[in-house]
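Take a look at the structure set out below.
Throughout, read-outs are computed from the coordinates displayed, never taken from laboratory work. Since we're looking at a predicted model, the values are computed, not measured. Ideal geometry is used to build each Cβ from the backbone, glycine not excepted, and the neighbour counts take in all protein chains shown.
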Amino acid sequence: MDLTARCLFLLSCLGVILAIDLEAIDPGYYEDPTATSEAIDYKDPCKAVAFLGDIALDEEDLRSFKVDRIIDLAQRTVHIVNHTDTGSTNQSSQNRQGSRRRKRAATSRPERVWPEGVIPYVISGNFSGSQRAIFRQAMRHWEKHTCVTFIERTQEESYIVFTYRPCGCCSYVGRRGGGPQAISIGKNCDKFGIVVHELGHVIGFWHEHTRPDRDEHVSIIRDNIQPGQEYNFLKMEPGEVDSLGEVYDFDSIMHYARNTFSRGIFLDTILPRYDVNGVRPPIGQRTRLSKGDIAQARKLYKCSRCGDSLQDSSGNFSSPGFPNGYSAYMHCIWRISVTPGEKIILNFTSMDLYRSHLCWYDHVEIRDGYWRKAPLKGRFCGDKLPEPIISTDSPTVD
């Protein structure tokens, strides 16, 4: 399974430096319980009522797009009622109304955001070892740059299932709740950047070009779009996305490429409307999260302003400003994850915190798990160095 051991560090107004090492234990051989014939009754994106590219839509999503009926679901076409956007490059004053509002294609529905940024997952048994490794690398990429955490599912009711469905590469946007939901990684989709993109949908992102303000930034060349694929270039309704103060991101991993759904490989369907730093920006990269992707995810999940996700085999970290003083009311979180068969060893090398009864004020708190309710390993303050702290064994299956 790839259940990683994690320690969550909650630090408030502290002056401390710690060193970490990973101690390998005998991993042995592990059976993958997901590689069984037991069926999981998940929310299947291939049974969605409609699609927007690789995004599966349910009835609630359709209402957000003002979609009234589905015409020929097999071809993934939809009939739009009362939708004023024609996607043309000509913009009227009405289309530009509210153009100064910054929007981004992130869900605005709190129920679609995963609680505390924790996303339980299961990888079904029909994937090879190399494919599983790619899935984990993609999850670690999101973890490294945000406070979102992927954990191997144990008893959680809501979780994602990596599976291979006939619809190819597709996922719902955000958490659907009430049970498992599938993220389909079809043929030729098992590439790092594509999986990072699909996980972006799981986390809560729509495609960048569907922002309500997209016509200020890109032009849709409708004459070059494959017949029947025009619906993939619809705009989101303002009530479905949250502004969060982020500008349009041409570099987003959630952005379409310039020839997506084109009638010919050399025909453009979507183009930036202006230059950035003197050049027309490229779009549609599937290499890594952009700075905008990271900033938006951190805002969506209310990540701490200081702290980090640590995944190296060894390293050290300290409170902000160390060895000098630190600002008041700071709250920092460091997450350390290791691979199955390893433990985390924390060594305190310097400690100088205000000492209070029960360490009520400045303190370093260490939890043996991935969130705030994980077992408490210790809460420390003052200037006495704590003894080395070792995490519990990580359950190792796979």
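Can you tell me the relative contact order of region 237-282? Whole percent, Cα pairs under 8 Å, sequence separation 6 or more.
So the answer I get is 27 percent.
What is the set of long-range amide H partners of THR149 at a cut-off below 5 Å, with H atoms built 1.01 Å from backbone N?
Long-range HN contacts for THR149: VAL118, ILE119.
Report relative contact order for region 304-397 in percent, whole number only (criteria: Cα-Cα under 8 Å, sequence separation at least 6).
Values: 129 pairs, mean separation 26.9, N = 94.
Computed over region 304-397, the figure is 29 percent.
Report, by chain and number, residues whose modeled amide H sits under 5 Å from the one on SER350, excluding near sequence neighbours (fewer than 5 apart, same chain).
ILE17
Could you sort the peptides 272-283, 248-259, 380-391 by per-residue average Cβ neighbour count (10 Å cutoff), highest mean leading? Intermediate values should be presented prior to the final figure.
Details: 272-283: 11.8, 248-259: 21.5, 380-391: 15.2.
Ranked from most to least packed, the peptides come out as 248-259, 380-391, 272-283.
Can you give the relative contact order of region 106-203 as a percent, counting alpha carbon pairs under 8 Å and 6+ residues apart? Walk me through the numbers before you get to the answer.
Numbers: 167 pairs, mean separation 32.1, N = 98.
So the answer I get is 33 percent.
For LYS47, give me every one of the lysines with a C-alpha distance below 28 angstrom, ignoring sequence neighbours fewer than eight places off in its own chain.
LYS66, LYS187, LYS191, LYS235
Near the amide H of ILE270, under 5 Å away, which other amide H atoms are found, from residues 5 or more places off or on another chain, if H is placed in the peptide plane?
It is ILE221, THR260, by chain and number.
Obtain the nm distance between the two label points defined at ARG355 and ARG280 by a simple spin-label model: each point lies 7 Å from its Cα along the Cα-to-C-beta direction.
Modelled inter-label distance: 6.8 nm.
What FRET efficiency would be calculated for the residue pair ILE40, ALA374, taking the C-beta separation as r and a Förster radius of 25 Å, to the nearest 0.05?
FRET efficiency, ILE40 to ALA374: 0.45.
What is the antiparallel percent of DSSP beta bridges lying wholly in region 106-203, to the nearest 5?
Given both bridge residues lie in region 106-203, the antiparallel proportion sits at roughly 20 percent.
Does a label point 7 Å from the Cα of GLU116, set along Cα-to-beta-carbon, have any residues of region 335-366 with amide nitrogen under 17 Å, and which are they?
335-337, 365-366
Can you work out the PRE-style zone for PHE192? Point 7 Å along Cα to Cβ, and I want the residues of region 143-172 with backbone N under 16 Å.
143-145
At what distance in angstrom do the alpha carbon centres of region 196-224 and region 259-298 lie from each other?
9 Å
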